[in-house]
Amino acid sequence: MKKASSTLAALPLFVALVAALFAMATWAQPTRPIYPVYEGYVPNDDGTAVLVFGYYNHNAVAVEVPAGEANGFDPGPADRGQPTVFEPGRHRNVCLVVLPADYEGNLSWSVTVGENTEKTTERGGIDTLYLIENISMAYRRAKQVDTAAAEQGVCLTPAPASTRSQP
């Protein structure tokens with residue numbers, strides 16, 4: 001009889017543990033939006049421009065979204081080498097796209113997680129409202145791109161940022 005009563009006594013503890021594990025698993029599921037961000041552009045002397053993109057992942061975990069319909073650029077191709085793993089939090093300057101001198105149009109990036117589809121501004125091109133000033137990290141990273149040698153129209157991963165002060 002003692003064995004049955006001790007099993008019954010442990011039942012509420014077991015139920016509470018299972019409920020806690022379920023709640024933790026549900027909380028960690030990537031259901032919150034990921035916001036792709038158009039940071040702006042940097043013009044170059046050769047007429048090209050470097051567009052700078054980042055993102056903000058509102059989930060508590062990294063989320064993988066393969067390039068394509070749920071993680072793509074418009075106009076296409078949808079896969080331009082953009083990030084497919086989105087770490088939690090705000091990440092700036094993760095995708096630099098060199099546009100040719102004769103580019104006329106807008107380039108936008110959208111990401112879908114669950115039922116949430118978020119998209120950068122429709123003005124993701126050469127619009128003076130989005131000109132990046134030369135005092136920012138985005139400007140310095142964009143200027144590191146060798147536009148003569150870089151492939152145009154795809155995401156380039158910027159070099160790691162230096163934490164040293166510039167002389």
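The values are calculated or read from the model by the stated rules, or taken from the named source; none is laboratory data. As the structure is a prediction and not an experimental result, all values here were calculated from the model. Here the Cβ positions follow ideal geometry from the backbone for every residue, glycine too, while neighbour counts run over all protein chains shown.
Determine whether LEU131 is under 17 Å from TYR38 (Cβ atoms), out of contact with any helix residue (DSSP H, G or I) (no Cβ under 8 Å at 6 or more places or on another chain) and not hydroxyl-bearing (Ser, Thr, Tyr). Before you say what the answer is, go through the steps one by one.
Working: under 17 Å from TYR38 (Cβ atoms): yes; out of contact with any helix residue (DSSP H, G or I) (no Cβ under 8 Å at 6 or more places or on another chain): yes; not hydroxyl-bearing (Ser, Thr, Tyr): yes.
Here the answer is yes, as LEU131 does meet what is asked.
Considering each of ALA60, ALA67, ALA101 in turn, give the residue that is assigned by TED's automatic domain parsing to the domain that holds MET137 and either modelled with pLDDT of 95 or more or of a type outside the set (A, V, I, L, M, F, W, C) (or both). Give the steps one after another, and end with the answer.
Details: ALA60 fails: either modelled with pLDDT of 95 or more or of a type outside the set (A, V, I, L, M, F, W, C) (or both); ALA101 fails: either modelled with pLDDT of 95 or more or of a type outside the set (A, V, I, L, M, F, W, C) (or both).
The conditions single out ALA67.
Regarding TYR38, is this residue crowded, with 19+ Cβ neighbours inside 10 Å and in a strand (DSSP E or B)?
Working: crowded, with 19+ Cβ neighbours inside 10 Å: yes; in a strand (DSSP E or B): yes.
Yes: the conditions hold for TYR38.
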Q.
Checking the structure you have, find out if any residue of region 130-150 is modelled with pLDDT of 90 or more, of a type in the set (Val, Ile, Thr) and more than 15 Å from ASN44 (Cα to Cα).
A. no
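When you look at THR121, is it within 21 Å of PRO33 (Cβ to Cβ), in a loop (DSSP other than H, G, I, E, B) and hydroxyl-bearing (Ser, Thr, Tyr), yes or no?
On the way: within 21 Å of PRO33 (Cβ to Cβ): yes; in a loop (DSSP other than H, G, I, E, B): yes; hydroxyl-bearing (Ser, Thr, Tyr): yes.
Against the criterion (within 21 Å of PRO33 (Cβ to Cβ), in a loop (DSSP other than H, G, I, E, B) and hydroxyl-bearing (Ser, Thr, Tyr)), THR121 qualifies.
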**Q.** Which numbered condition THR120 misses (of (1) modelled with pLDDT of 95 or more; (2) of a type outside the set (Lys, Arg); (3) within 11 Å of the chain's Cα centre (by Cα))
**A.** (1)
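For every residue, the table says whether it meets (1) at pLDDT 65 or above; (2) surrounded by 11 or more Cβ atoms within 10 Å (Cβ to Cβ); (3) more than 18 Å from the chain's Cα centre (by Cα); (4) under 30 Å from LEU131 (Cα atoms).
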{"residue": "LYS2", "(1), (2), (3), (4)": "no, no, yes, no"}
{"residue": "SER5", "(1), (2), (3), (4)": "no, no, yes, no"}
{"residue": "ALA9", "(1), (2), (3), (4)": "no, no, yes, no"}
{"residue": "ALA28", "(1), (2), (3), (4)": "no, yes, yes, no"}
{"residue": "GLY47", "(1), (2), (3), (4)": "yes, yes, yes, yes"}
{"residue": "TYR55", "(1), (2), (3), (4)": "yes, yes, no, yes"}
{"residue": "ASN71", "(1), (2), (3), (4)": "yes, yes, no, yes"}
{"residue": "ASP79", "(1), (2), (3), (4)": "yes, yes, no, yes"}
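Just for region 135-151: of the residues that are touching a residue at least 24 places away in the same chain (Cβ under 8 Å) and not small (Gly, Ala, Ser), which one is surrounded by the most Cβ atoms within 10 Å (Cβ to Cβ)? Please lay out each step first, then the result.
The initial filter retains those residues of region 135-151 that are touching a residue at least 24 places away in the same chain (Cβ under 8 Å), namely 137-139, 141-143, 145, 147-148, 150-151.
Subset that is not small (Gly, Ala, Ser): 137, 139, 141, 143, 145, 147, 151.
Numbers: MET137: 15, TYR139: 19, ARG141: 23, LYS143: 13, VAL145: 19, THR147: 20, GLU151: 11.
Only one residue fits best here, namely ARG141.
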